[in-house]
Structures are given as structure tokens and as C-alpha cells.
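Inspection log for the structure reproduced underneath, given as C-alpha cells.
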Amino acid sequence: MAKHWEQTYEKWLAFKNLDVNLQDELKDLKTNPKKLEDAFYQELTFGTGGIRGVLGPGTNRMNIYTVRKAANGLANYLLEHVVNAKQRGVAIAYDSRYMSQEFAVEAARVLGAYGIRASVFTSIRPTPVLSYAVRYLSAAAGIMITASHNPPQYNGLKVYNEQGGQILLEEAEQITAAIQATGDELQVPVRDKKELEDELLLHWLGEEVDRAYLEKLYGMTKMDEEGLKQEKDLKIVYTPLHGTGTDLVARGFEQLNFPNVTIVEEQAVADPEFSTVESPNPEEHQAFKLAMQYGEKVGADVLLATDPDADRLGAAVKNQSGEYVVLTGNQLGSLLLDYILSHSNLNVYRNARMIKTVVTTELGRAIADAYGVETIETLTGFKYIAEKIARFDSTGETFMFGYEESYGYLASGFTRDKDAVQAAMLTAEMAQDWKNKGKSVLDALHTLYEKHGYYLEGLTSLTLEGKEGSEQIAKIMEEIRERPMEEIAGIRVEKIENYVTSERTDTATGRIEAIHLPQENMMKFILEEDGWICFRPSGTEPKLKYYYGVRSASHGASTEKLETIKAALDKSLAEIIEK
């Protein structure tokens with residue numbers, strides 16, 4: 001008897017109208033049984049980030065049929081749960097990856113089959129612009145075709161709710177149920193593109209949304225009127241890493257009067273291969289190689305890099321030796337937070353709030369406390385920060401800033417996802433402000449450390465791909481939950497936070513208290529001496545991530561403690577894997 005996945009494979013093989021390119025790839029898979037099984041052994045999981053996977057034929061791959069099935073589920077969900085979904089429609093944007101535009105059109109063709117209007121951008125756009133477009137158009141939902149900073153062979157489909165944020169758990173579960181009820185992905189109904197255009201069920205978006213977004217961007221500046229008029233002397237090198245950020249970042253700098261902006265020409269090309277970098281991820285230092293070369297030529301103060309869908313921003317600044325140093329997401333986020341709060345009249349804001357995730361530096365909390373601003377903590381993922389912002393309208397709280405360690409920042413709620421265009425503008429403002437005071441960005445960072453303590457953080461990602469990798473990650477997390485560590489590197493564990501059971505346990509007293517956050521497959525350990533570690537599987541990549549943070553009175557002491565904890569964690573994980 002054939003395995004279930006083999007039956008699905010045979011169904012695809014026999015489908016007469018299968019996309020020609022997929023037909024050829026499907027035939028090639030015959031010679032690689034392991035890859036063939038991986039392509040069909042499961043369906044791409046639809047989570048709160050939508051779907052994401054390797055391009056190719058199969059139910060566990062990104063292709064027009066898995067995209068159609070996801071869009072079909074979304075259509076049925078919208079008709080049942082969202083008021084006036086047909087008339088309000090869905091905003092759709094896409095990045096520079098392989099098949100992105102094709103997937104956007106396929107999603108629109110499925111929505112059109114249900115009479116739901118799709119507003120699709122005519123060319124590539126950043127993810128935050130899609131988030132803004134949902135709000136600007138009062139759309140029922142949004143779709144972003146992107147795989148963020150994943151390797152070139154990946155693509156994905158992210159769904160946004162009517163508030164412009166990534167869908168939350170309950171919404172994802174309802175859409176998942178609708179997707180599962182769809183049945184055969186090869187038989188999803190679609191309409192002809194030309195027919196949809198003629199019936200105004202397919203509408204093309206252009207400059208109107210961009211202009212409105214840029215107006216909002218201009219309005220969030222912390223510079224006064226005189227500062228806005230002044231031509232800035234800050235020298236900036238910017239790279240979009242072959243993605244979507246080029247146009248709006250450049251226009252944003254222009255309207256804020258930053259004339260000394262040099263764009264890395266080779267990386268301004270929207271290239272789905274990301275051919276000039278090993279990975280188009282501003283978290284990785286190699287992504288700055290070309291920007292650093294440009295920086296040396298023009299004497300840049302700041303180097304900025306946005307990932308392909310321009311929702312994450314990386315920055316590099318000069319140290320005392322004149323060499324460029326890449327800031328961590330925790331460092332840049334903390335600097336931006338301090339800049340915003342120091343340039344805000346907090347007396348006029350009601351109940352000012354800063355939002356960070358549970359794996360983001362505690363330096364942010366210390367900075368917010370110093371300004372009398374309350375910190376709210378969420379699970380990992382910007383969707384949770386967006387959810388909090390949405391509630392502030394009814395709670396009387398004021399959003400000041402939100403960030404996460406993975407280079408995601410938001411300073412104004414006109415978008416409801418991390419926004420690298422916003423962050424680029426604020427980073428330039430912040431750097432210019434310190435330059436006006438005769439200080440560099442690193443000087444500013446050390447000022448924060450001297451005031452609040454040397455908070456340092458680290459992250460290790462363990463890549464375990466395929467079916468076996470998924471099983472291994474599950475096994476490791478189970479081991480950590482069932483046999484939680486009592487100490488790490490000689491530092492005692494004070495509290496254990498189990499996000500599956502939503503419980504926080506005091507190891508000294510045994511006292512248990514509730515964690516008022518959604519359940520997630522994550523474990524966090526609070527250590528003595530202001531340290532912490534956290535384990536969680538990535539929601540978008542085949543990785544187990546473990547985070548760790550420390551605080552000491554000096555940079556040297558924090559560095560030594562961080563390295564000791566990392567070594568102990570590496571050893572502990574290796575032992576679990578070997579079992």
C-alpha cells in the first residue's frame with residue numbers, strides 16, 4: 001500500500017494542466033527519493049506568519065497551487081468573519097523574489113473567484129507599505145508575498161488583518177481550518193486576470209499609497225521646524241540588499257533634507273539571487289561588505305541596510321579606530337528608544353508605553369524606566385506588538401516605540417509591522433543629533449551603558465532541516481521542558497518560564513504564577529546577576545534558536561560572562577542531540 005505522500009505525488013504527476021515548469025521539476029525529483037518525500041510528506045504549515053518554504057512542486061513547497069489554496073482559505077475566512085469583505089477587498093504587495101509577482105496575481109485570481117476585490121501594487125513594495133495600504137484602503141485584509149531575508153530558493157505568503165498587523169493565533173487557526181476544508185490544491189477555482197480587471201475586481205495600486213505613506217513618514221520626525229529646514233551634514237551609505245527599499249528610503253531622506261546619501265549601486269538592483277551577498281540579512285556582517293567599501297570612499301558616518309522586504313534595518317557606525325562596527329538590533333533599538341524619549345514631551349502623552357519582546361534586551365526597560373515610561377512585554381513576533389498598539393485606542397495608552405532584537409523597529413503606528421523605512425529615517429536623525437553634539441553613535445551607546453549597565457546579548461541558531469530536523473527540534477524542546485536546568489555556567493536559575501503551560505516558577509520557593517501571554521513553544525530561564533537564557537524554535541525557518549543576555553558594571557565583565565554562558569549552552573545542546 002502506497003504511503004499517503006506517494007498518493008499525493010501520483011495525483012500531481014497525473015494532473016494534465018500542471019504548470020509546465022513544475023512538471024519538469026517533478027520529473028527531476030524522481031531521482032532523489034528523499035527530496036521527493038520532503039516535497040510531499042506534509043502541507044506547508046499555515047501559522048501566524050502565513051506560509052513560507054522552498055520554491056518547487058509539492059504540497060510542502062511554495063508554488064502557484066499552494067498559494068491558491070492559502071488564498072482560497074483566506075477568501076472563505078473573510079466572507080464568514082469580516083464585515084463587507086467583498087467591497088473592502090484585499091491589498092496585495094510583493095517583493096523582488098522569484099515568483100513573487102506571479103504569486104500575487106494568483107492570489108488575486110482566487111479572491112476574484114469569490115467576488116472579493118484585490119488591490120495589487122504594480123511593482124515591488126516594502127512589507128510596511130503593505131501594512132499601511134491595508135489601513136489606508138480600509139481593506140478587509142492584506143497579503144504580502146515575501147520570504148524576508150531567507151535564501152533565494154524561498155518565498156512565502158504573509159497575511160495581514162484589517163488592522164494592518166500580521167494575523168494573530170485565533171485568526172490563523174480559523175484561516176487554517178478554511179484552508180484544510182479547501183481539499184485538493186490542484187482544483188482551487190481561479191478567474192482570468194483580464195476578466196477581473198474589466199469587472200474592477202482587480203485594481204492596480206501605484207503612487208497614491210506611496211505619497212500617503214511618505215506624508216506619514218514626514219510627520220513622525222522628532223526634529224523641530226528649524227532642524228527640518230537645515231541641510232544635514234551626516235554622510236550616509238544605504239543598501240537595499242537587492243530588495244524593495246530603494247525608492248521610499250531615498251525619498252524619505254530627501255524630504256527630511258539629508259542630501260549626503262550614497263546608495264550602493266550594485267545592491268540597488270532588485271535581484272532575486274541576491275548575487276552580491278551570501279545572505280540578504282542585515283543581521284549578518286557580510287551583508288555590509290560592499291557598504292563598508294562605499295563608506296570608506298565617501299567617509300560615511302553611518303551605513304544602513306534594509307533586508308529584501310524592507311521591514312528590518314541594520315546599521316554600522318565608525319569606532320575610534322575609524323573602522324565600521326555593525327550594531328546589534330538590541331543596541332540600535334535602545335539608541336532609537338532613547339532618542340525618541342529624549343525628544344518627546346512626555347508630559348503631554350497619556351500613559352506612554354514602550355513595547356519589547358521577551359527575548360529583547362533589558363536595556364530598553366532600563367531606558368524607559370529612566371524616562372518614567374512603562375515597558376510592556378510580548379511574545380516574539382511583531383504581530384504581538386501590533387496587537388498591543390491596536391488596543392491602545394481603547395485603553396488610553398500611548399505608543400512610543402516598539403522593537404525586537406532581530407532588527408525590527410516601529411516608532412509610529414501608522415504601519416502595524418516592523419518598518420525599516422521608518423527606522424532608517426530615525427537612525428539618521430539620531431546620528432545627526434549626536435553629531436551636532438560632537439559625539440558619534442558609539443559614544444552615545446557607551447553613554448547609555450555607563451548610565452544603565454553593560455547589557456550584552458547573544459543568539460545562536462541551530463539549523464536542522466527537513467522532516468528529521470523538525471523531529472529533532474521537537475525532541476530538544478521536550479527535553480528542556482521535562483528536565484529544566486538548575487544552573488548554567490555556575491550561575492543559578494532563579495525563575496523558569498514555561499510558555500507552553502503559561503507558568504513562571506520560582507526555583508527557591510516553588511511558587512508558581514501565571515504568565516499572561518499566549519501559549520508558545522518556548523522556555524526562558526531567569527538567572528542570578530541579571531542574566532537570562534531562552535529557547536524557541538523559529539516560526540519561519542528550520543532552526544532552533546537560543547538567546548542569552550547579561551548585565552555587568554563593565555564591558556569586559558559582560559563579554560566574559562556572555563561567552564561563558566554561550567559555551568555552556570553549546571555544550572548542553574550538543575549533549576541533548578547526542579542522546
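The values are calculated or read from the model by the stated rules, or taken from the named source; none is laboratory data. Nothing here was measured: the structure is a model prediction, and the numbers come from that model. FYI the Cβ positions are ideal-geometry reconstructions off the backbone, even for glycines, and counts take in every protein chain you see. Side chains are part of the model used for accessible areas, which takes the heavy atoms of the whole protein and leaves out ligands, DNA and RNA. Shrake-Rupley method; radii C 1.70, N 1.55, O 1.52, S 1.80 Å.
Which ³J(HN,Hα) values, rounded to whole Hz and listed in residue order, are derived for the stretch 344-351 from phi using the Karplus coefficients 6.51, -1.76 and 1.60 in 6.51 cos²θ - 1.76 cosθ + 1.60 with θ = phi - 60°, glycine and proline given as x?
So the Karplus estimates, Gly and Pro as x, are 10, 7, 5, 6, 9, 8, 8, 6 Hz.
Give the cross-link partners of K69 among the lysines, using a straight C-alpha distance below 19 Å as the criterion and excluding same-chain residues fewer than 8 apart.
The reachable lysines, counting only those whose Cα sits under 19 Å from K69, are K11, K16, K86, K158, K193.
Could you list the trypsin sites (Lys or Arg not before Pro) in the stretch 333-366 that lie in coil according to DSSP, counting only those with at most 16 other Cβ atoms within 10 Å of their Cβ?
Taking the stretch 333-366 and a limit of 16 other Cβ atoms within 10 Å, the loop trypsin sites (Lys or Arg not before Pro) found are R350.
Mind listing the phi-derived Karplus ³J(HN,Hα) values for the stretch 306-321, rounded to whole Hz, using 6.51, -1.76 and 1.60 with θ = phi - 60°, and x for any glycine or proline?
In residue order, the calculated couplings are 9, 6, x, 9, 6, 10, 10, 10, x, 9, 10, 9, 7, 9, 5, 8 Hz.
Within the stretch 198-246, list the GluC sites (Glu not before Pro) lying in a DSSP loop whose Cβ has at most 11 other Cβ atoms in a 10 Å radius.
Listed in order of number, the matching sites are E231.
Between Rg and the Kirkwood Rh of the chain, both from Cα atoms, what is the Rg to Rh ratio?
0.96
Which ³J(HN,Hα) values, rounded to whole Hz and listed in residue order, are derived for the stretch 570-578 from phi using the Karplus coefficients 6.51, -1.76 and 1.60 in 6.51 cos²θ - 1.76 cosθ + 1.60 with θ = phi - 60°, glycine and proline given as x?
Calculated HN-Hα couplings, in order: 4, 5, 4, 5, 4, 5, 5, 5, 6 Hz.
On a straight-distance basis, which aspartates and glutamates could pair with K297 in a cross-link, Cα separation under 20 angstrom, same-chain partners fewer than 8 positions away excluded?
In chain and number order, the partners are D233, E265, E266, E323.
In Å², what does the accessible area per residue of the chain work out to with a 1.4 Å probe?
Accessible area per residue, the chain: 41 Å².
To the nearest 10 Å², what's I496's accessible area with a 1.4 Å probe?
Rounded to the nearest 10, the figure is 30 Å².
By the gyration tensor of its Cα atoms, with a ≥ b ≥ c the square roots of the eigenvalues, what is the shape of the stretch 159-317: rounded for a/c under 1.5, prolate for a/b over b/c, or oblate?
Cα axes put the stretch 159-317 in the prolate bin.
Along the charge dipole of the chain, Cβ charges K/R +1 and D/E -1, which of L201, A93, I526 sits furthest on the positive end?
Value computed over the given set: L201.
Roughly to the nearest percent, how much of the accessible area of the stretch 444-576 is carbon and sulfur, given a 1.4 Å probe?
That share works out to 47 percent.
Ignoring everything except DSSP H segments at least 4 long, calculate the 222 nm mean residue ellipticity for the chain; use -39,500 (n - 2.57) per segment, divide by total residues, nearest 500.
-12500 deg cm²/dmol
Mind giving me the FRET efficiency for E199 and S394? R0 is 35 Å, r the Cβ-Cβ distance, nearest 0.05 is fine.
0.35
Excluding E25 itself, calculate the net charge of residues whose Cβ lies under 13 Å from the Cβ of E25, where each Lys or Arg counts +1 and each Asp or Glu counts -1.
Net local charge, E25 excluded: +1.
Give me the distance in nm between label points sitting 7 Å out from Cα along the Cα-to-Cβ direction at K579 and H285, one decimal.
With each label point 7 Å from Cα toward Cβ, the separation is 3.5 nm.
Please work out the FRET efficiency for the pair E215 and E494, using the Cβ-Cβ distance as r and a Förster radius of 56 Å; give the result to the nearest 0.05.
0.70
Report the full-extension gain for the segment T460 to H343: residue separation times 0.36 nm, less the Cα-Cα distance, to one decimal in nm.
38.6 nm
Please give, to one decimal in nm, the separation of the simple spin-label points placed at S275 and H81, each 7 Å out from Cα toward the Cβ.
Spacing of the two 7 Å Cα→Cβ label points: 4.3 nm.
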